[in-house]
Amino acid sequence: MFRKNLIAILLVVSCMPVTSPMSHAEDAPLSARAPQACWTAADLAARDGEDNIVKERLEPPLPQPASVDATSAGPSTPGSVRSVRLPPGKRLIALTFDLCEGVNEVAGYQGKIVDILRGHGVKATFFMSGKWMMTHRLRAQQLISDARFEVGNHTWEHRNLRLLSGAAAADEIRKADQAYDELRQELEGRKCAVPGREATTDAIAPKSMGLFRFPYGACDSKSLATVSQQGLVPIQWDVSSDDPDWKERPDAMTKRVLDNVHPGSIVLFHANGRGWYTDDALPDIISSLRKQGYDFVTVTELLKAGEPVISSSCYDQTVGDTDQYDELARQIEAR
């Protein structure tokens, strides 16, 4: 009896259709499949020579008008945010990196800096000029889609807004917004996936930039009003690494940052080929700050955690010290 039942079971099993583990996935509609990754680890890694600055007048195609109205009313700030006053016990800090590109150059991309941030799991905020975005389209898209990072407006081609007014000043801001919007839409059109973002194309990058940084760290009441009218929050810093100075060695840069930071600090670096030894100093800065109990956040997260410290003027370390860049900007404008 047992033998007959066993034979019957074997006959039933032998007649069942054979399916492979992949057959259901293969039969699933394309829309149900997980999107392919936008980039491999090798695509994201730094490459030799990318950090070089090339002195040439390159005018990339202007971005198309943004789909989001860049002139819509937004948060109003009576000055520029230098740091954030945090509740007792909170030890947060925001590292920021400028990616600016002027009129007569193609700036670089210091991928080693970005690799260090990713490798150490550090959040950061990048302030990009629109022209830099357009000449570094792929790298800009990698940054705007990375959930660790946020991106802010740094004007179109790093012109001193103290010397511009009216439509010229507003256009410098709007064109950077348009560059961001164009790259974001192009990225979403690829329908690919990035780690840390939801698996929906409309979440691959924020819809717009909400923060702004003045070129040269220079502003006045007129330019502050223009930025506010564009719905952006001006972000300065209270600690400068001085990394554009090629004489500032890594150990001196590390000491400068560590000696001056406090909970709520916003620290200035560069990653456009002008952060001379930033990639050398950054690992020690990160490890030392973590040992002191600091957590790294984006500027927006820092603003949400406390009360912004706002200055009615823009300066690096002392009031008026950015006035020196007015003459440099005039020379560039004349050329």
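The values are calculated or read from the model by the stated rules, or taken from the named source; none is laboratory data. This structure is a prediction, so every number in the text was calculated from the model and none was measured. Note: ideal-geometry Cβ built from the backbone for every residue, glycine included; neighbour counts use all protein chains shown.
Brief remarks on what is shown
- Only one of Gly102, Gly166 that is within 19 Å of Phe269 (Cα to Cα) and modelled with pLDDT under 95: Gly102
- Residue match in region 106-113 (condition: over 30 Å from Asp323 (Cα atoms), more than 12 Å from the chain's Cα centre (by Cα) and at pLDDT 95 or above): yes
- The set of residues from region 218-232 being buried (at least 19 other Cβ atoms within 10 Å of the Cβ) and within 17 Å of Val319 (Cβ to Cβ) comprises Ala218, Cys219, Ser223, Leu224.
- Residues located in region 114-140, provided they are surrounded by 22 or more Cβ atoms within 10 Å (Cβ to Cβ), assigned to a loop (DSSP other than H, G, I, E, B) and more than 12 Å from the chain's Cα centre (by Cα): His136
- Residue list for region 233-262, restricted to those being among the hydroxyl-bearing types (Ser, Thr, Tyr) and buried (at least 24 other Cβ atoms within 10 Å of the Cβ): Ser241
- Looking only at region 225-265, and only at residues there that are in contact with an Asp or Glu (Cβ under 6 Å, 6 or more places away or on another chain) and part of a strand (DSSP E or B), the one that is nearest to Leu303 (Cα to Cα): Ser265
- Scanning region 291-331 for residues that are surrounded by 17 or more Cβ atoms within 10 Å (Cβ to Cβ), at pLDDT below 95 and not small (Gly, Ala, Ser) turns up Cys314, Tyr315, Asp316, Thr322, Tyr325.
- Candidate set: region 266-290, residues that are assigned to a helix (DSSP H, G or I) and among the hydrophobic types (A, V, I, L, M, F, W, C); chosen: the one surrounded by the fewest Cβ atoms within 10 Å (Cβ to Cβ): Ile286
- Tally, over region 126-154, of residues that are within 17 Å of Ile204 (Cα to Cα) and among the polar types (S, T, N, Q): 3
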